1. Only one of these is hydroxyl-bearing (Ser, Thr, Tyr), touching a residue at least 60 places away in the same chain (Cβ under 8 Å) and in a strand (DSSP E or B): Thr64, Thr104. Name it.
2. Filter region 12-42 down to residues that are over 20 Å from the mean Cα position of the chain (by Cα) and farther than 21 Å from Leu105 by Cβ and give me whichever is farthest from the ligand (Cβ to nearest atom).
3. Quick check on this structure: which one of Arg93, Arg110, Arg144 is surrounded by fewer than 16 Cβ atoms within 10 Å (Cβ to Cβ), free of Cβ contacts under 8 Å to residues at least 60 places away in the same chain and outside any strand (DSSP E or B)?
4. Can you go through Ala6, Ala44 and tell me which one is closer than 21 Å to Ser313 by Cα and surrounded by fewer than 16 Cβ atoms within 10 Å (Cβ to Cβ)?
5. Tally up the residues in region 167-197 that are touching a Pro at 6+ places or on another chain (Cβ under 6 Å) and either open to solvent by less than 10 Å² (accessible area, probe 1.4 Å) or among the β-branched types (Val, Ile, Thr) (or both), please.
6. Tally time: how many residues in region 259-292 are surrounded by fewer than 19 Cβ atoms within 10 Å (Cβ to Cβ) and assigned to a loop (DSSP other than H, G, I, E, B)?
7. Which ones in region 264-293 are more than 24 Å from Ala44 (Cα to Cα) and aliphatic (A, V, I, L, M)?
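The values are calculated or read from the model by the stated rules, or taken from the named source; none is laboratory data. Since we're looking at a predicted model, the values are computed, not measured. Note: ideal-geometry Cβ built from the backbone for every residue, glycine included; neighbour counts use all protein chains shown. Just the protein is used for accessible areas: all its heavy atoms, side chains included, with ligands, DNA and RNA removed. Shrake-Rupley method; radii C 1.70, N 1.55, O 1.52, S 1.80 Å.
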Amino acid sequence: MSALYARADAVRRENVGDAVHLRGLIEISSHCERQCMYCGLRKANGSLERYRITREEIERCALTGVNLGYGTVVMQAGEDDALTAEWIADIVRWIKRETPLAVTLSLGERSRDDLKMWRHAGADRYLLRFETSDPYLYRAIHPRRFLDRPDRLMLLKELKALGYEIGGGVMVGIPGQSYASLARDLLAFQDFDLDMIGIGPYIAHPATPLGSGQLRPPIAGADQAPNSETMVYKMIALARILCPDANIPSTTALATINRRHGRMRGLQVGANVVMPNLTPVKYRALYQIYPAKACIDESATDCSRCLSSQIRSLSRFPGRNAGERGSFEVEAGVVARSATQLVQLEEPGYGG
Ligand code: SAH
């Protein structure tokens, strides 16, 4: 196994360097119209107190992201019809006008018109995990809301055609997900030429049909892939080797199943992105896609400090630019130091 991880880490270093890009996550609404069988935000979960954040709060979060040196903000939410296309577009325009941030949206399966409007407003990227490339399992866990709406894989193609950088990804260890199916997921990352690949463990949420055991998806039997930490590391490492220049986050779900080491280990087996939380602390616990989510009570500043020092401990450095796909950042301090050394080296030559 260590040979796989070492190879993935080398491919990561050669292709995207030692920068770890920080994407500040703003969870803007926990309302959701969908009934995804795995997700705690599903509409039927009556035990969850819902919130929707204000425009002023989003703007404040974005400015905090700028102050903390992040290159990107990610606005994520349940599928919430009250987040109108115009409202989101206005906020995107504001962020693009007032800050140097790249803007990523992760607002679920919205209409083509909405996606187009947001792209025109300046949104750079869209995250929409396809969760599994197995069409049977996908349908079992992801009831459709509109029959005429394309599925997530189709939507990713549309997003790419609109000029977004696209992020897909999967949960690992969903009941009914086999090893063979995970192998096909890896090939799908390549086929869809994903710019970003999110991979995290499936975590059972007791207030969902899948998490409570009420829904029993097609049995994968002995071939059932585990939702273990190791399985996630293997998937991250293989994704890095197959998609060398993609941006791959070490996810919060990974940090949730191993609080002390999960996030950093992900960075050591191929990941190059982390997504510190910028959501106002009063809302954090309410965005409960799965239980016991990591980092729900830290302030944005504490979260940033903690991550930066952990990144440094791996001899890596927090990225300063927007970290679009293929960016290869060299640490500013290192360049400055070596330039100074060069000047010093050359000085005597001029004198003589
Ligand atoms: N509504 C948006 C974003 C919200 S959730 C969307 O659906 O795209 C973001 C991601 O959280 C999902 O794509 C899924 O991969 C992950 N997620 C949801 N429930 C989860 C669970 N029980 N365990 C692990 N990850 C989960």
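1. So the residue among Thr64, Thr104 that is hydroxyl-bearing (Ser, Thr, Tyr), touching a residue at least 60 places away in the same chain (Cβ under 8 Å) and in a strand (DSSP E or B) is Thr104.
2. Looking at the filtered set, the residue picked out is Glu14.
3. Checking each option against the conditions leaves just Arg144.
4. None of the other options fit; the residue is Ala6.
5. Adding up the residues that qualify gives 2.
6. Matching residues across region 259-292 total 7.
7. If the condition is that a residue be more than 24 Å from Ala44 (Cα to Cα) and aliphatic (A, V, I, L, M), then Met264, Leu267, Val269, Ala271, Val273, Val274, Met275, Leu278, Val281 are the ones that fit.
Every residue, every condition in (1) at positive phi; (2) touching a helix residue (DSSP H, G or I) at 6+ places or on another chain (Cβ under 8 Å); (3) near the ligand (Cβ under 10 Å from one of its atoms), yes or no:
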| position | (1), (2), (3) |
| --- | --- |
| Gln76 | no, no, yes |
| Asp81 | no, no, no |
| Ala85 | no, yes, no |
| Asp114 | no, yes, no |
| Met117 | no, yes, no |
| His120 | no, yes, no |
| Tyr126 | no, yes, yes |
| Phe130 | no, yes, yes |
| Asp134 | no, yes, no |
